[in-house]
Structures are given as structure tokens and as C-alpha cells.
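The values are calculated or read from the model by the stated rules, or taken from the named source; none is laboratory data. Predicted, not measured: the structure shown is a model, and the values here were computed from it. All Cβ positions, glycine included, derive from the backbone under ideal geometry; neighbour counts span all protein chains shown. Just so you know, the surface numbers come from the protein's heavy atoms only, side chains and all, with ligands and any DNA or RNA stripped out. Shrake-Rupley method; radii C 1.70, N 1.55, O 1.52, S 1.80 Å.
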Amino acid sequence: MIIGLDADDVIFDTGGLLLSVLRERGDARLLELKAEIMRGDVRIPEVRDFLDACFTPAMCEIPPKKHAKEVIDRLRKNGHRVIIVTARGDETFAGGEEATRHALALYGIRCDA
């Protein structure tokens, strides 16, 4: 079986990181745009600027959710193909694909595509 897993909030705790950064910055306008930021709605200039400045660099080190690596390892060991599905492409987040590959390697998460 081929299993597709989303990188954000399935494998990695992306939402937790974003909320932490938003709270740390204390920018009222960005907090108002929290839902749009969580969706990665780059059509909104403030969202795009925030994601480019803060999120893309942080994607390299977002920790995986508890047991994510073990579950993925078990799926692959049982003969399933695991494919990472994400909107982190370079059209949305400059350097997003490279950052995702880096984080997967950093935490020893292996996938098939």
C-alpha cells in the first residue's frame, strides 16, 4: 500500500512552532492572521513576509511529533511505501523543499518519496 503523510502537523509539530513564534513576536496584526498563517495563505502580504522571514528558516529544525519516526519506520518495515505530501514547495515557501528534506534527515525519518 502507498501511504501519503502530510509533513505539517502530521509528521512535524508545525502548528506548535508557528504559535510559539507568533506569541514571541507579540505582533497584534500577525496574531489576527493566525488562521491564514497556519494555512500558509501567501496571497496576504503580511503572511507571506512572516513565513519567509520566520517559518522557512525554522522548518529545518521543527521536531517531529512523538512517535512519528517509529510509526513511519514500522509502516516501511511492513512493506508499505511512505510518501510525504506537503505544500512546502518552493512556490509557496522559498527553500521549503530543501528545509523539509533537511529536517527529515536530521531526525532520521526515512520515506520513499
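The table that follows gives values for the structure above.
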read-out	value
Pairs where the first residue, in the stretch 37-63, is over 16 Å from ARG23 (Cβ atoms) and the second is assigned to a helix (DSSP H, G or I) and open to solvent by 70 Å² or more (accessible area, probe 1.4 Å), C-beta under 6 Å, 6+ apart	VAL42/ARG48; CYS60/HIS102
Residue ID - surrounded by the fewest Cβ atoms within 10 Å (Cβ to Cβ), chosen from residues in the stretch 59-104 that are more than 14 Å from the chain's Cα centre (by Cα) and among the aliphatic types (A, V, I, L, M)	ILE83
Sole exception among (1) open to solvent by less than 70 Å² (accessible area, probe 1.4 Å); (2) not small (Gly, Ala, Ser); (3) not in a helix (DSSP H, G or I) for ARG43, by number	(1)
Which listed residue, of ASP73, ASP49, ASP90, is within 23 Å of ALA113 (Cβ to Cβ) and either at pLDDT 85 or above or among the basic types (Lys, Arg) (or both)	ASP73
Residues of the stretch 1-40 that turn out to be open to solvent by less than 30 Å² (accessible area, probe 1.4 Å), more than 17 Å from ILE109 (Cβ to Cβ) and assigned to a loop (DSSP other than H, G, I, E, B), as a count	2
